[in-house]
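First the structure, in the form of structure tokens, and then the observations on it.
The values are calculated or read from the model by the stated rules, or taken from the named source; none is laboratory data. What you are looking at is a predicted structure, and each value in this text was computed from that prediction instead of being measured. A quick note on method: Cβ atoms are made from the backbone with ideal geometry, for glycine too, and the neighbour counts reach across all protein chains shown. All accessible areas refer to the heavy atoms of the entire protein, side chains included, with ligands and DNA or RNA removed. Shrake-Rupley method; radii C 1.70, N 1.55, O 1.52, S 1.80 Å.
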Amino acid sequence: MSEFINTIEVLGDEATMDAIIERTITEFRDDMLTSVGAYAFYGCAALETADLPNVATINREAFRGCSALENFNFSNVTTIGHYAFDVTKFTSLYLPKCTSVGESAFASCTSLRKVTKLAGSIGKLEYDYCTSLEILDVHQATAIDWNVNRANKKFKALVIRTPSVCSAASSDILGNGCFTSGTAYAYVPATLVDSYKAATNWSAISSQIRALEDYTVDGTLTGELDESKI
């Protein structure tokens, strides 16, 4: 195992190309780092773990091509750039502070099954070609501009906990594939079900909108989704 323990606060662009780290590294740990530059770990195919508890910004393509990357600490990440984690091996993502996710940030992460995002909107192609994605649970989203069905036939649940109707950019975002075939549902606050069914673009999947409280473990809006019911 090749481990690198860093002692600087900002890892610049193309760090692997500048020989700051080697492409054969399997672990990278740093509790001081606050920013990861563009292409910093690009193509580090052996990298399995990145323990970066204080990183706030991950720039474009920083970990693109890290096809073995499975463990990452996202606890303080607020901004993720375009294609930052393209083709990584994540099975689940918990993004407690992230408010900005770039286009195709997690594209082609074919092992990714569940995403929990507490803040921010859902942008274009964030999870493009994530063919195993089943659940997207967003807590404070105000807008969605992502085709949840693109190249994905396993998707089951779009969970939106925001206490007001989340806007959908177009009917094409929702009105095809998994939803209209009856295999996926949108779970929203019970008090908003009728509003969602009548809302612009959401009306395309009106029959696939459910009251979230009926599908959580404890029957509350904030409770964990009971996956055995979906």
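Restricting attention to region 26-68, the residues that are part of a loop (DSSP other than H, G, I, E, B) and more than 13 Å from T79 (Cβ to Cβ) total 25. Please enumerate the residues belonging to region 69-84 that are open to solvent by 30 Å² or more (accessible area, probe 1.4 Å), assigned to a loop (DSSP other than H, G, I, E, B) and more than 18 Å from T110 (Cβ to Cβ). N73, S75, N76, T78, H82, listed by residue number. The single condition among (1) open to solvent by 10 Å² or more (accessible area, probe 1.4 Å); (2) within 26 Å of D214 (Cα to Cα); (3) free of Cβ contacts under 8 Å to residues at least 60 places away in the same chain that K156 does not meet is (3). Among the residues of region 204-230, those that are more than 26 Å from S132 (Cα to Cα) and open to solvent by less than 80 Å² (accessible area, probe 1.4 Å) comprise G219, T220.
Contact map, region 198-223: first residue under 11 Å from A186 (Cα atoms) and basic (K, R), second residue buried (at least 16 other Cβ atoms within 10 Å of the Cβ) and modelled with pLDDT under 95, Cβ cut-off under 8 Å, separation 6 or more or different chains; pairs are R210/Y185; R210/A186. Would you confirm whether or not region 90-106 contains a residue that is open to solvent by 40 Å² or more (accessible area, probe 1.4 Å) and among the small types (G, A, S)? Within region 90-106 (the criterion being open to solvent by 40 Å² or more (accessible area, probe 1.4 Å) and among the small types (G, A, S)), the answer is yes, since at least one residue qualifies. All conditions in (1) open to solvent by 10 Å² or more (accessible area, probe 1.4 Å); (2) at pLDDT 90 or above hold for T131, with the sole exception of (2). Residue-level analysis places T116 among those that are outside any loop (DSSP other than H, G, I, E, B) and either under 24 Å from I135 (Cα atoms) or at pLDDT 90 or above (or both). Scanning region 192-230 for residues that are in a strand (DSSP E or B) and charged (D, E, K, R) turns up just one, R210. Taken over region 91-110, the residue count meeting the criterion of being in a loop (DSSP other than H, G, I, E, B) and at pLDDT below 95 is 13.
Checked against (1) modelled with pLDDT of 90 or more; (2) in contact with a strand residue (DSSP E or B) (Cβ under 8 Å, 6 or more places away or on another chain); (3) open to solvent by 50 Å² or more (accessible area, probe 1.4 Å), D194 passes all but a single condition, namely (2).
The residues of region 155-173 that are modelled with pLDDT of 85 or more and assigned to a loop (DSSP other than H, G, I, E, B), listed by number, are F155, K156, R161, T162, P163, S164, V165, C166.
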